[in-house]
């Protein structure tokens, strides 16, 4: 099942820990969507998931608010 | 004069009562009285007028209080710095930040800094910008994050960035999102503490637009979170820094309002005392200058 993580207001490293846990429950082609208002969360998540078989897109939907989409490829 | 006498004096000053000071310091009243008397004899001044309702500081008492606070702050920072001294350098950094910046923007930068400098002990406090300047100048605090700028021959100021203050309210409350400033008189206005620099910026901006502050129904709160809760459940308007309401604007639990296109911008800065040279302070300032600015939220 696709997952959604509301990490607004959460400080590092909480969002990354939640994202790792949710990602491990995903099946192939499912996605995890995470919303955050901290730039370090964007960097940390990008750095971590870059080494995993997934597709990541990062969209700054408002000034200082990012939506990160992580699609599990395999 | 010793630190204990000064602490006893400061506690009595803030409590305005010897019995209350004794209770808070876990000392007997005669001990408090004796220490105050010794201080007065040493300084050759009466510091308090005693009455059966408590104590009232004299003018000399007020003067001594300002110095005493600085001396205690400096002494306590010295003791803690020495405790972290390993024979080569002091590994402790005290940071005092204005509360908005300290709550919403700074933690991520500090988290990243700690990852690369785990040996440095960080101590973070929140205070009003005017108090932070005094803490950095006179009480041994290493780094200050303030709203606005400040510099003199002792203090260096580094610009960190800018942000905005926005008019906000609950979406169910107002049908019209563009309003005239005169409409503000009809609503309750929830604002930050009067000592806050942002409050002064707001008041100056409204005064410059011809608003009469005395006619506004201002309700003051020291806590931004309590202001946000109040907005969600009542018919009020507030003016809040953008960084504190990003989540609420994204989830649309609060909406931003346009009053005569009034834009309120402010800057924030890092200040430190130039003559105090500490390797961990230099490391932190270099980090903020190079990467920390990008990590601020």
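The values are calculated or read from the model by the stated rules, or taken from the named source; none is laboratory data. This structure is a prediction, so every number in the text was calculated from the model and none was measured. Cβ coordinates were reconstructed from backbone atoms using ideal geometry, including for glycine residues, and neighbour counts include every protein chain displayed.
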Is the stretch A:40-48 home to any residue that is without any contact (Cβ under 8 Å) to a residue 60 or more places away in the chain, surrounded by 13 or more Cβ atoms within 10 Å (Cβ to Cβ) and either away from chain B (no Cβ under 14 Å) or assigned to a loop (DSSP other than H, G, I, E, B) (or both)? no
When (1) more than 14 Å from every other protein chain (Cβ to nearest Cβ); (2) surrounded by fewer than 15 Cβ atoms within 10 Å (Cβ to Cβ) are applied to residue A:61, the one that fails is (1)
Has the stretch B:90-103 got any residue that is surrounded by 15 or more Cβ atoms within 10 Å (Cβ to Cβ) and free of Cβ contacts under 8 Å to residues at least 24 places away in the same chain? no
Would a scan of the stretch B:90-107 turn up a residue that is out of contact with any strand residue (DSSP E or B) (no Cβ under 7 Å at 6 or more places or on another chain), more than 14 Å from every other protein chain (Cβ to nearest Cβ), at pLDDT below 90 and not in a helix (DSSP H, G or I)? yes
Taking the stretch B:120-149 and keeping only residues that are in a loop (DSSP other than H, G, I, E, B), buried (at least 17 other Cβ atoms within 10 Å of the Cβ) and touching a residue at least 40 places away in the same chain (Cβ under 8 Å), one is left with B:120, B:128, B:139, B:140, B:141, B:142, B:148
Kindly state which strands (runs of 3 or more DSSP E) lie completely within the stretch B:224-297 and contain at least 1 residues that are away from chain A (no Cβ under 14 Å) and within 23 Å of residue B:161 (Cβ to Cβ). B:236-241, B:264-273
Among the residues of the stretch B:108-119 satisfying the criterion of being facing another protein chain (nearest Cβ under 10 Å) and touching a residue at least 40 places away in the same chain (Cβ under 8 Å), which is farthest from the chain's Cα centre (by Cα)? B:112
